[in-house]
Amino acid sequence: MTYDPNNIFAKILRKELPCVKLYEDEDVLSFLDIMPQVEGHTLVIPKEAACDILQLSTTSASRLIMATQRIARAIKSALNPPGIMLMQLNGVAAGQTVPHIHFHVLPRHAGIDMKLHARQMVDSKTLEPVAARIRAAL
Ligand code: AMP
């Protein structure tokens, strides 16, 4: 697959579109999912232009998983979920909807089902309180 520089995450990286940002450094950006499947549903994306795990350089892959672990720890500290689920989809057939590789970090509680994937958009203002809690734990 050829990387599309106009995908929505590329636009967020170029600051052409807003996001509810949690963390940024020279290699990665993390923000809340605008169609959260659970409260605190977070995305971690590399700055490298790569559609999926197959295209990502080894260096960027290492930095991406290290940042994902850091975010997962902050979510554990801020929200104290008993479980944390990582999800990473590659290709439309796997359910990937944005063709810029990313990890989903999903706080999970027994008995609370996840909402459907990428279906229901929320007002970004409603995400600010949970974003503030996660940021404070980073
Ligand atoms: P995937 O289907 O694994 O590619 O996941 C893409 C995720 O990006 C979905 O969970 C969407 O809800 C989320 N998403 C799409 N557009 C935005 C956006 N503008 N800001 C934050 N999250 C988004």
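A few notes on this one:
- Among (1) more than 9 Å from the ligand (Cβ to nearest atom); (2) under 16 Å from Ala50 (Cβ atoms), the one test that Leu116 misses: (2)
- Scan the range 1-19 for residues that are within 9 Å of the ligand (Cβ to nearest atom) and open to solvent by less than 70 Å² (accessible area, probe 1.4 Å) and the total you get is 5.
- Taken over the range 20-38, residues that are open to solvent by 50 Å² or more (accessible area, probe 1.4 Å), under 13 Å from the mean Cα position of the chain (by Cα) and closer than 19 Å to Ala72 by Cβ amount to 2.
- Of the listed requirements (1) more than 21 Å from Arg14 (Cα to Cα); (2) outside any helix (DSSP H, G or I); (3) at pLDDT 95 or above; (4) open to solvent by 30 Å² or more (accessible area, probe 1.4 Å), Ala136 misses just one: (2).
- Top-ranked residue in the range 91-105 [being in contact (Cβ under 8 Å) with a residue 40 or more places away in the chain and of a type outside the set (A, V, I, L, M, F, W, C); ranked as nearest to the ligand (Cβ to nearest atom)]: Gln96
- The condition of being of a type in the set (Asp, Glu) and farther than 23 Å from Arg133 by Cα holds for only one of Glu39, Glu24, Glu16, that being Glu16.
So that you can scan it fast, the table gives a plain yes or no per residue for (1) in contact with a Pro (Cβ under 6 Å, 6 or more places away or on another chain); (2) at pLDDT below 95; (3) within 22 Å of Ala118 (Cβ to Cβ):
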| site | (1), (2), (3) |
| --- | --- |
| Gly40 | yes, no, yes |
| Ile45 | no, no, yes |
| Ala49 | no, no, yes |
| Ile53 | no, no, yes |
| Arg70 | no, no, no |
| Arg73 | no, no, no |
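- Any hit, the range 80-90, residues being of a type in the set (A, V, I, L, M) and either part of a loop (DSSP other than H, G, I, E, B) or within 11 Å of the ligand (Cβ to nearest atom) (or both): yes
- The set of residues in the range 47-91 that are within 14 Å of the chain's Cα centre (by Cα), farther than 17 Å from Thr2 by Cα and open to solvent by less than 60 Å² (accessible area, probe 1.4 Å) comprises Leu64, Ala67, Thr68, Ile71, Ala72, Ala74, Ile75, Met85, Met87, Gln88.
- Selected residue (only one of Asp52, Asp25, Asp33 is charged (D, E, K, R) and more than 10 Å from the ligand (Cβ to nearest atom)): Asp25
The values are calculated or read from the model by the stated rules, or taken from the named source; none is laboratory data. Computed from a prediction, not measured in an experiment: that's the story for all the values here. All Cβ positions, even for glycine, are placed from backbone atoms using ideal geometry, and neighbour counts span all protein chains on display. Note: areas computed on protein heavy atoms with side chains; ligands, DNA, RNA excluded. Shrake-Rupley method; radii C 1.70, N 1.55, O 1.52, S 1.80 Å.
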